[in-house]
Structures are given as structure tokens and as C-alpha cells.
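Chemist: Questions regarding the structure given below will be posed in turn.
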Amino acid sequence: QKEVEQNSGPLSVPEGAIASLNCTYSDRVSQSFFWYRQYSGKSPELIMSIYSNGDKEDGRFTAQLNKASQYVSLLIRDSQPSDSATYLCAVSPYNAGNMLTFGGGTRLMVKP
Amino acid sequence: DGGITQSPKYLFRKEGQNVTLSCEQNLNHDAMYWYRQDPGQGLRLIYYSQIVNDFQKGDIAEGYSVSREKKESFPLTVTSAQKNPTAFYLCASIGRNQPQHFGDGTRLSIL
């Protein structure tokens, strides 16, 4: 049984701080990793994808992958109230977005 | 504009009734997926299709059925056998070597 685990939160951070969201996965053959943001009542929106060990930066977002530890994280710098949402981690055994297994999501609250 | 269109946005089901959720994409994607999301939880895979006229069961297929007669369309039927259908249903599609993108979802409730 493939599992993707996230702390459900809520994770509360003050505006301007760094938010750190974590995800662990059980399937060692996982090849690609995704972070989706989901606002309440809306569908998930892809914000980051990462395929190799190390860091990948895109604006205020940094994804970090450690395949040996089966761990992927998302850092959000200079957190804004508009970042308040649920963040879903998703993992695929393929080198693309097929056959995703999703974690339960972490709810982030950024307080002004 | 290219995208994934789900309809209706809200749907109500009566006892013993089958209902069909629509998912259409004009992205020329081969693969399409249906997920169910319950409050405060992640997405669970119901059915997926990698190519026209072929589809596979996901983790929670019982009580659901699908068809894939056209590349653009992947409708999901929630049958009366699904005893707890209240959820947010999401359709996704994926192109070659691309991440999945989602439609806006259909929220299904029981009358």
C-alpha cells in the first residue's frame, strides 16, 4: 500500500515568516513529486514539481527532495495571508504526473 | 481557451438514483482521472483512462462507473450502489510528461 503522509495542521505562521510543509512517502520507486495548493471549496492548483534530489526554487516557493530519506518539503518564504490554504503533496512512480498518490494535506494559516 | 470543464458544479442525488458527472477537456490529453475528496482529506482515485475505449479501476471504484468513448470526454456515473456519495469530485487530465491539472470539481450531495 503506497502511502503519503502529511501533518494535517493547521500550521500557523505570522505574515512575512517562512512556512515549512513536510511530506513523507512509503514507495521507494517514486520518481516525481508535486505540491498542490487548494483553497477552501476549490480544486487543487499545481504550484511546484520536483524530480531529482536537492532544492528547486520558484519565486517564494522552494521544494526540497531527499529520496534516501523519502522526504519532500515545501518552503514558502515571506508568507502572505493569501497563502492560507491546504497544501497537498502528491507522488508518482513515473517520471511524470501519472498515477499520483496524494497525502491528506496540511492546512496553512498565515496571520496578518 | 484550453482547459478541463466539469459540470454541473453542484449536484443532488435522490435515494436509488444514478447521476452522471461530466468531464470534458480540449487539451488533447490522452490520460484522464476521476478522484473523490471528502472533507479534510486528500484525493482518492476512483477510475482512470490512459486511452480512448480503455479505463481502469482505481482504489475506490465500487459504486461508480465510467466510459471513454471520445478522447475529450470521461463521464463518471455515481450509481445507487454507492451508499455514501456525498463528496467533492475532481476530474484531471495529463499530457505527455506533464503534471496533472484539475477541473473545478463537482460537489455532490444527497437529498
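Taken together, the values in this text are just the output of simple stated rules run on the coordinates, not laboratory data. Keep in mind the model is a prediction, meaning the values are calculated, not measured. When we count neighbours, we look across all protein chains shown, and the Cβ atoms used for this are built from the backbone with ideal geometry, even at glycine.
Chemist: Against the definition (among the hydroxyl-bearing types (Ser, Thr, Tyr), exposed (fewer than 14 other Cβ atoms within 10 Å of the Cβ) and either without any contact (Cβ under 8 Å) to a residue 12 or more places away in the chain or away from chain B (no Cβ under 11 Å) (or both)), how does A:Tyr39 come out, yes or no? Outline the logic, then answer.
Modeler: Working: among the hydroxyl-bearing types (Ser, Thr, Tyr): yes; exposed (fewer than 14 other Cβ atoms within 10 Å of the Cβ): yes; either without any contact (Cβ under 8 Å) to a residue 12 or more places away in the chain or away from chain B (no Cβ under 11 Å) (or both): yes.
Yes, satisfied.
Chemist: If you don't mind, there's one more thing I want to ask. Any residue at all in segment A:66-88 that is within 12 Å of the chain's Cα centre (by Cα), among the hydroxyl-bearing types (Ser, Thr, Tyr) and away from chain B (no Cβ under 14 Å)?
Modeler: First, pick out the residues of segment A:66-88 that are within 12 Å of the chain's Cα centre (by Cα): A:71-76, A:85-88.
Keeping just the survivors that are among the hydroxyl-bearing types (Ser, Thr, Tyr) gives A:71, A:73, A:86-87.
Restricting the remaining residues to those that are away from chain B (no Cβ under 14 Å) gives A:71, A:73.
The answer is yes, given that some residue of segment A:66-88 is within 12 Å of the chain's Cα centre (by Cα), among the hydroxyl-bearing types (Ser, Thr, Tyr) and away from chain B (no Cβ under 14 Å).
Chemist: Quickly run through segment B:57-111 and pick out the residues that are surrounded by fewer than 21 Cβ atoms within 10 Å (Cβ to Cβ), among the hydrophobic types (A, V, I, L, M, F, W, C) and not in a strand (DSSP E or B).
Modeler: B:Ile60, B:Ala61, B:Ala81, B:Leu111
Chemist: Let me ask something else. Restricting the search to segment B:31-56, which residues are at the interface with chain A (Cβ under 8 Å from one of its Cβ atoms) and outside any strand (DSSP E or B)?
Modeler: The answer is B:Gly40, B:Gln41, B:Gly42.
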